[in-house]
Structures are given as C-alpha cells and as structure tokens.
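The values are calculated or read from the model by the stated rules, or taken from the named source; none is laboratory data. None of these values were measured; they are calculated from a predicted model. No Cβ is skipped: glycine too gets one built from the backbone with ideal geometry, and neighbour counts run over all protein chains shown.
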Amino acid sequence: MTALTPEPSKPVDRAQQVRITEVYLSVQGESTHVGKPCVFVRLTGCNLRCSWCDSVFTFTGGAWRDIDAVVAEAHAFGVHTVEVTGGEPLVQKAAIPLMERLLALGHEVLLETSGSRPIDDVPDGVHVILDLKPPDSGEVASNLWSNLDLLDAGDEVKAVIASRRDYEWARDQVVSRRIAERCTVLFSPVWGAVVPKELVAWILEDHLNVRFQLQMHKVVWPKDERGV
C-alpha cells in the first residue's frame, strides 16, 4: 500500500496578517471621543520604551492573525467606533490595510500612535491621535515632527505629562509650532506622577488652548486592568 504524500503547506502571507495582543469592547477612555462605546484592536510590538508606559504587555507575544479575521471580529461587536492601538500599530505595515477594511465597512476608525512613525500612508478618514513625547518619557528624540504637517482638524495631538518640566516643554511646542491652530491638543497627567488639579492650574495660568483629560478607564476600573 502506497503511503500518501502530505500536501505541502501554503506559505504564510505576512502582508495579509497582523500580530494581535487583544480585541475587546469597552468605552473610549481618552481623546475627544471619551465615553464612546469602542472596539479596541490592540496590535503587538512597539519601537519605543516610554518610562511611564502602561502597555508593556504589548511589547512581545501576541498572535499572527489574518486581517480579514480581525476585521470580522471587530465588526461583529456591532459598534460604530473602532480604535487601532498598541504598542505602536504603525510598526506593522499591515495596520494600513486593516484600517482600510474597517473604513470600508463604515466604521469610525481611530488610530492611537506614538508620533515616532510616519503617518503618510494612514488612510484618509482615519482620526489620528498622535502623541508628543516630552523629556520625562525618555523618548523625546523620537518625535517625528514632520507628522504634524499631515494632521488636520479631525485629528488630535496628545501630550502625557509626568512633571512640571514636561508641561513646560509641551506648552512651548504647542505654542511655537502652533499645533492648536491645526487640531485639538490634549494634555494628560501620568497616573500617580502629576496631581491632576496641578496640571489644570498650569493650563489655566498660561491661558493655554489645550484640553485637559484624565484616563477615564483608570477611574472606572483598577488602573492595571486589562481588556478595558
């Protein structure tokens, strides 16, 4: 009896896959979209190591999944708003077709990005939430300033503030680069490092045209809770 020869396995097309840490439904905890029901698609991997990072679990691990399967899972929640986040989602080239397919299904798509990777290829219609990295993050040299020229009124810039020094640096960037004239700017205190009312006082003292925000999900749930 002749043994059957196993069929050769098909090569994996990584261009059609993303490495995913988690997909879950919650409410948006930050940005001008705060409070909205939102599906989070959290990609694995990051090129930065911010000192105050609360998503260290995304640096490694994750699972390679077909883009279509991830889109189908996110769409199945029946929620309009989907955020692609990380880690840093733009370290994966397949993040671009992932967002394109979510848009094609009619979703409002948010992209949370560190500001260290080019956003040139981000599809039109995606709301970009772009970080500025102040000195205490340890990644101030990673700011890719050319990204600011690609933002419009539907996008946002966020600075996470860990100290008075961080605040003054972020304030000076907002003013000198006229960022608030281009899009909404948000200042957020590092949880446990800056007293929120002090950051509010600094903003008001300088008559700064920015929006104060807290990470609402850390108020509703324990600060290290996953999947919220």
Sort out which residues of the stretch 165-174 are in contact (Cβ under 8 Å) with a residue 24 or more places away in the chain, surrounded by 13 or more Cβ atoms within 10 Å (Cβ to Cβ) and more than 22 Å from the chain's Cα centre (by Cα), and write them in order of number.
none
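Table: residues versus (1) surrounded by fewer than 23 Cβ atoms within 10 Å (Cβ to Cβ); (2) in contact with a Leu (Cβ under 8 Å, 6 or more places away or on another chain); (3) under 30 Å from residue 196 (Cβ atoms); (4) at pLDDT 95 or above.
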residue: 84; (1), (2), (3), (4): no, yes, yes, yes
residue: 118; (1), (2), (3), (4): yes, yes, no, yes
residue: 121; (1), (2), (3), (4): yes, no, no, yes
residue: 151; (1), (2), (3), (4): yes, yes, yes, yes
Test set (1) in contact with an Asp or Glu (Cβ under 6 Å, 6 or more places away or on another chain); (2) in contact (Cβ under 8 Å) with a residue 40 or more places away in the chain - residue 96 fails condition number
(2)
Given the residues 132, 110, which is the only one that is buried (at least 19 other Cβ atoms within 10 Å of the Cβ) and touching a residue at least 60 places away in the same chain (Cβ under 8 Å)?
110
Only one of (1) of a type outside the set (Lys, Arg); (2) part of a loop (DSSP other than H, G, I, E, B); (3) free of Cβ contacts under 8 Å to residues at least 60 places away in the same chain fails for residue 193. Which number is that?
(3)
Test residue 112 against the stated conditions and say whether it is within 21 Å of residue 159 (Cα to Cα), at pLDDT 95 or above and either basic (Lys, Arg) or in contact with a strand residue (DSSP E or B) (Cβ under 6 Å, 6 or more places away or on another chain) (or both).
yes
List every residue pair whose Cβ atoms sit under 8 Å apart, with the two residues 6 or more apart in sequence or on different chains, where the first one lies in the stretch 44-72 and is closer than 19 Å to residue 24 by Cβ and the second, anywhere, is among the acidic types (Asp, Glu).
45/88; 46/88; 54/224
Consider the stretch 45-81. How many of its residues are hydrophobic (A, V, I, L, M, F, W, C) and touching an Asp or Glu at 6+ places or on another chain (Cβ under 7 Å)?
3
At least 1 residues that are in contact with a His (Cβ under 8 Å, 6 or more places away or on another chain) and under 20 Å from residue 18 (Cβ atoms) in each: list the strands (runs of 3 or more DSSP E) lying fully within the stretch 87-167 that qualify.
108-113, 127-132
Among the candidates 159, 180, 170, residue that is out of contact with any helix residue (DSSP H, G or I) (no Cβ under 9 Å at 6 or more places or on another chain) and modelled with pLDDT of 95 or more:
170
So in the stretch 135-149, with the set limited to residues that are closer than 30 Å to residue 104 by Cβ and not polar (S, T, N, Q), which one is surrounded by the fewest Cβ atoms within 10 Å (Cβ to Cβ)?
149
Among the residues in the stretch 149-156, are any touching a residue at least 40 places away in the same chain (Cβ under 8 Å), within 19 Å of residue 36 (Cβ to Cβ) and acidic (Asp, Glu)?
yes
What is the one condition in (1) under 25 Å from residue 26 (Cα atoms); (2) surrounded by fewer than 21 Cβ atoms within 10 Å (Cβ to Cβ); (3) free of Cβ contacts under 8 Å to residues at least 60 places away in the same chain that residue 216 does not satisfy?
(3)
Go through the stretch 29-56 and give me each residue that's surrounded by fewer than 20 Cβ atoms within 10 Å (Cβ to Cβ) and either outside any loop (DSSP other than H, G, I, E, B) or charged (D, E, K, R) (or both).
36, 37, 49, 54, 56
